[in-house]
Structure formats: structure tokens, C-alpha cells
Amino acid sequence: MKIYIAGPMTGHPQFNYPAFHQAASLLRAAGHVVVNPAENPAPACGSWLGYMRMSVAQVASVDCLVMLPGWPLSKGARIEYLLAKLLGLGVTSLKKMGAQA
């Protein structure tokens, strides 16, 4: 399954990248293809909108989203969640997938 990891970044130490990388590692070990936004290059504009433009395209390319803890408080993760639901994609958590962080 091709999975996108969604969760809070803005305002978190190291943009919460350690949590994203840990989730990616667990999901890859389970045999999934993972799209980890923490692995994206910085957009040329360097803005939040630039990052979101990448994420919207990535969400549209996957089968499922895995939501990290705290995602409801993240504007970007809420956008990714809503897009996934509107596209009819699966949305779950690491816990529900049996991959504990």
C-alpha cells in the first residue's frame, strides 16, 4: 500500500521530523511504500504554501493517510485529511495499522 504520513510540523521542535521518520521506518518495515513529507526538499519559495502545494499532490497519489498524534491541531494536516476523505482514500493511525511508534 502507498501511504502518506500526515501530522503536525509547524511550531514543533525540529518540525516534528523525528516522529515522521519513525513512522516512515515502521511502515516501510511492514512492507508499505511511504510518502514522508519530512523527506521533501524545501520549496523554492520556502513558504508554508510551497510545502502544502507539494503535499496536496502527494496526498492525491497515495492509497491511504496515516495520521500522527496531534494532527487535528495542524492546519496543514487538517487540509490533507479533508482532501483524502473527499478523494475517498483510507485514513488511519499507526496504532490502528498495528505499527506502534
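A short reminder: the numbers here are calculations on the coordinates, not readings from a lab. The structure displayed is predicted, hence computed values, not measured ones. Neighbour counts run over all protein chains shown; Cβ positions are idealised from the backbone, glycine included.
Any residue in segment 1-14 that is surrounded by 13 or more Cβ atoms within 10 Å (Cβ to Cβ), under 16 Å from Arg78 (Cα atoms), within 14 Å of the chain's Cα centre (by Cα) and of a type in the set (Gly, Ala, Ser)? Yes, segment 1-14 contains a residue that is surrounded by 13 or more Cβ atoms within 10 Å (Cβ to Cβ), under 16 Å from Arg78 (Cα atoms), within 14 Å of the chain's Cα centre (by Cα) and of a type in the set (Gly, Ala, Ser). Only a single item in (1) over 13 Å from Ile5 (Cβ atoms); (2) in contact with a His (Cβ under 8 Å, 6 or more places away or on another chain) is not met by Gly50, and it is number (2).
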